[in-house]
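Engineer: Quick one: structure below, then a few questions.
What follows draws every value from the coordinates through simple rules; no lab data is involved. What you are looking at is a predicted structure, and each value in this text was computed from that prediction instead of being measured. Positions of Cβ are backbone-derived with ideal geometry, glycine not excepted, and every protein chain shown enters the neighbour counts.
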């Protein structure tokens, strides 16, 4: 998997939009960008994946610029329940160990 | 519900003992991954199996071993347990033929060594 860099922690307030950016300068041509969410004492949960441009689902949006060297996870109108650790992973699963970095610890304040 | 089942949910045992953690992957998933997460620590990749064969190894101690059976369930064996082995142990399975890094995690087994 390609090396990724993301902020260690972020704070935001309920109702705000939160953007978490991940840098992945060494992304390979066939790599996908995947984000996971982990609540305390629970297993990580896959939330979104993309290859280029923009992907949106019921939980989040993922913005990927043309050079694909970074990506931004956007969480619209966060609530207290969005407090979690968010991990950015880049790669193709088949032959790679799925290695998680330290992630971004997001803390939503009332 | 991710479709990945881990048993038991909780386990308390004494130092020096041996335990077995079990994982049933999602239906059709051939890959199984094991992770260890200590208190306030990141997810440490231990080992991966694909269709019964060991595929990748991470920072797995020699006291730990795993296997994947013909029905694709997997077991993680931890022996000569030490206090520092207390952690959450997660199992994940991945999509066959998918793209990217799509893994589905179980709820974990919380191991407490006393």
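Engineer: What nm value, rounded to one decimal, do you get for the distance between residue A:107 and residue B:22 when each label is placed 7 Å out toward the C-beta?
Structural biologist: Going by the 7 Å Cα→Cβ label model, 4.1 nm.
Engineer: What does the average come to when, for each residue of peptide B:47-58, you count the partner chain Cβ atoms lying within 10 Å of its Cβ? Could you put the intermediate results ahead of the total?
Structural biologist: Details: counts 1, 5, 0, 2, 0, 0, 0, 0, 4, 5, 1, 3.
Per-residue shielding by partner chains comes out at 2.
Engineer: Based only on the alpha carbon positions, what is the Kirkwood hydrodynamic radius of the protein assembly as shown, in angstrom? Could you put the intermediate results ahead of the total?
Structural biologist: Values: mean 1/r = 0.0554 Å⁻¹.
Taking the inverse mean of 1/r over all distinct Cα pairs, the protein assembly as shown comes out at 18.0 Å.
Engineer: Using only the Cα atoms of the stretch A:17-110, build the gyration tensor, take square roots of its eigenvalues as a ≥ b ≥ c, and label the shape rounded, prolate or oblate: rounded if a/c is under 1.5, else prolate if a/b is larger than b/c, else oblate.
Structural biologist: Values: a/c = 2.07, a/b = 1.39, b/c = 1.48.
Taking the square roots of the gyration eigenvalues as a ≥ b ≥ c, the stretch A:17-110 is oblate.
Engineer: Moving on. Hey, got the average number of other protein chain Cβ atoms within 10 angstrom for residues in A:33-43?
Structural biologist: Working: counts 2, 5, 1, 5, 0, 5, 0, 2, 5, 7, 16.
Partner-chain Cβ atoms within 10 Å, mean over residues of A:33-43: 4.
Engineer: Right, another one. Over the protein assembly as shown, what is the percentage of antiparallel beta bridges among all DSSP beta bridges, to the nearest 5?
Structural biologist: If I count the DSSP bridges inside the protein assembly as shown, around 90 percent turn out antiparallel.
Engineer: I'd like the distance separating the alpha-carbon centroids of the stretch A:1-50 and the stretch A:60-110, in whole Å.
Structural biologist: 1 Å
Engineer: Let me ask something else. Please compute the Cα-Cα pair-distance distribution of the stretch B:38-114 with 10 Å bins starting at 0, giving whole percents from short to long.
Structural biologist: Taking all Cα pairs of the stretch B:38-114, the binned fractions are 16, 51, 28, 6, 0 percent.
Engineer: Under 11 Å from a label point 7 Å along Cα→Cβ of residue B:79: give me every residue in the stretch B:3-36 with its amide N that close.
Structural biologist: Residues B:18-19 qualify, since their backbone N sits under 11 Å from the label point.
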